[in-house]
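Structure, as structure tokens:
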Amino acid sequence: MAKVYLFLAEGFEEIEGLTVVDLLRRAEIDITTVSITGKLTVTGSHHISTIADVLFEDVDFAQGDMLVLPGGMPGTLNLLEHPGLDAILRDFAAKEKKLAAICAAPRVLGIKGLLQGKKATCYPGNETYLQGAEYQDLAVVEDGNVITSKGMGTAIDFSLTLIRLLKDSQEAEKIAKSIQYRHYSE
């Protein structure tokens, strides 16, 4: 079974983070929310508090298959500045393990040089941070081990894409149908 870690920083976009967690858990994918704040309770950009599963410092990421970065402000900036997360992102990129980011969070990958030669998307206004990437004006963009998405309104498409990549198309379609989401197509 695939192992996924989703990172929560103060000011994360709640819908982008929790939609991924909800839909991947419906698909029976092992996803763990990881607080980078030093405490389990993390407050999102719209003042919704979420209790993370674990603290960053208590996780061995070696067995992980995918890292997910939700956007939101100042959550994205907090992700960008976390030195431990920087090391894990670079390690996953070097091993060509999956990196997924939505909204403003693809800027984290771009600034760190992890989008070189890749196609990517992001929330409008963040394109200049996708350093080395070819910007695509699409809801979700997959390029090799990197998956990016535009924002809150694309969170379901993003999540279903992750399910397809971690399991298969049939599981993604099953989850889309179960939530009455009629807009999903690969």
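Where a number appears in this text, it was derived from the coordinates with a stated rule and is not lab data. In this text the structure is predicted, and so the values were computed from the model without any measurement. Please note: Cβ atoms are built from the backbone with ideal geometry, for glycine as well, and neighbour counts cover all protein chains shown.
Below is a table of values for the structure above.
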read-out: Some residue of the stretch 161-176 being of a type outside the set (A, V, I, L, M), part of a loop (DSSP other than H, G, I, E, B) and without any contact (Cβ under 8 Å) to a residue 60 or more places away in the chain; value: yes
read-out: Failed condition for residue 93, given (1) part of a helix (DSSP H, G or I); (2) within 18 Å of residue 36 (Cα to Cα); value: (2)
read-out: Qualifying residue in the stretch 83-103 (condition: exposed (fewer than 15 other Cβ atoms within 10 Å of the Cβ) and of a type in the set (A, V, I, L, M, F, W, C)); value: yes
read-out: Flag if residue 99 is of a type in the set (A, V, I, L, M, F, W, C) and either assigned to a strand (DSSP E or B) or farther than 24 Å from residue 19 by Cβ (or both); value: yes
read-out: Whichever residue in the stretch 58-90 is under 18 Å from residue 130 (Cβ atoms) and part of a loop (DSSP other than H, G, I, E, B) and, among such residues, is farthest from the chain's Cα centre (by Cα); value: 73
read-out: Qualifying residue in the stretch 39-62 (condition: more than 18 Å from residue 161 (Cβ to Cβ), crowded, with 22+ Cβ neighbours inside 10 Å and not small (Gly, Ala, Ser)); value: yes
read-out: Every residue from the stretch 104-118 that is surrounded by fewer than 21 Cβ atoms within 10 Å (Cβ to Cβ) and of a type in the set (Lys, Arg); value: 112
read-out: Odd one out for residue 35 among (1) under 21 Å from residue 149 (Cβ atoms); (2) crowded, with 20+ Cβ neighbours inside 10 Å; value: (1)
read-out: Filter result for residue 55 (of a type outside the set (Val, Ile, Thr), over 19 Å from residue 132 (Cβ atoms) and without any contact (Cβ under 8 Å) to a residue 24 or more places away in the chain); value: yes
